[in-house]
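The values are calculated or read from the model by the stated rules, or taken from the named source; none is laboratory data. Predicted model, so just to flag it, every value in this text is computed and none were measured. Cβ atoms come from the backbone with ideal geometry, glycine included; neighbour counts cover every protein chain shown.
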Amino acid sequence: MQPDPSKKNLRPLGILALFLVLGVGVLTAVNTARNWSVSARARKLENPVPSTDAAIAAGMQIYADHCRSCHGEKGDGKGPKAAELSVAPGDFTDQRKMRRLADGELFWQITRGRLPMPAFEDKLSEEARWQVVDYIRTFSEKPAGSPPAAPARHDAGPQP
Ligand code: HEC
């Protein structure tokens, strides 16, 4: 007897198709979570913590406690733990790369992490994560050892 192509026989196919669609959905979601540079939404996130001296000082402390071991004292990715990692930690002194990355992306990467980098979503408050974003920006902004202010002019007398 030939199998008869009735609805009953098509049902397993329909179920299979449903699982396929679900599977693709799940894979897409997983892939989105894995991919750091995807999120257009992350790019547009505004940094609510202005880069003030206080924010940078707070970020520096957070960095020393949570990030320096891998990313290094100078932010160049050469921390003491870096050599043991399967992936090299990011280099924050790379001006071109840092200019390309929006604050929101850095925030998102810190929030989510990506192995071997841990996620900081549960370890640091949102404010702390923005402060550390402000701080890691400083690695690519000022050339190391640059004088803090323009030299004083000798001929500048008091203004009338
Ligand atoms: C266990 C080591 C480790 C620690 C601790 C760590 N990171 Fe990372 N980080 C990495 C690695 C490795 C990468 C590169 C991951 C990749 O490309 O897949 C990375 C990448 C990044 C990136 C992506 C940009 C880039 O340059 O690649 C940012 C931003 C970042 N880390 C910030 C931080 C901050 C901020 C902290 C502390 C709150 C921190 N990380 C703590 C290892 C670490």
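Of note:
- Those residues of the stretch 60-92 which are near the ligand (Cβ under 9 Å from one of its atoms) and aliphatic (A, V, I, L, M), in sequence order: ILE62, ALA82, LEU85, VAL87, ALA88
- Selection within the stretch 53-89 - in contact (Cβ under 8 Å) with a residue 60 or more places away in the chain and in a loop (DSSP other than H, G, I, E, B): CYS67, LYS74, GLY75, ASP76
- Pairs linking a residue in the stretch 114-142 that is basic (Lys, Arg) to a residue that is buried (at least 19 other Cβ atoms within 10 Å of the Cβ), with Cβ atoms under 7 Å and 6 or more positions apart or on different chains, are ARG129/PHE107; ARG129/ILE110; ARG129/PHE120.
- Any hit, the stretch 93-101, residues being touching a residue at least 24 places away in the same chain (Cβ under 8 Å), touching a Phe, Trp or Tyr at 6+ places or on another chain (Cβ under 8 Å) and near the ligand (Cβ under 6 Å from one of its atoms): no
- For ARG96, the stated conditions hold: it is surrounded by fewer than 16 Cβ atoms within 10 Å (Cβ to Cβ) and more than 18 Å from SER51 (Cα to Cα).
- No other residue among ARG129, ARG68 is modelled with pLDDT of 95 or more, in contact with a helix residue (DSSP H, G or I) (Cβ under 6 Å, 6 or more places away or on another chain) and not hydroxyl-bearing (Ser, Thr, Tyr) apart from ARG129.
- Candidate set from the stretch 120-139 (those that are part of a loop (DSSP other than H, G, I, E, B) and near the ligand (Cβ under 10 Å from one of its atoms)); member that is surrounded by the fewest Cβ atoms within 10 Å (Cβ to Cβ): LYS123
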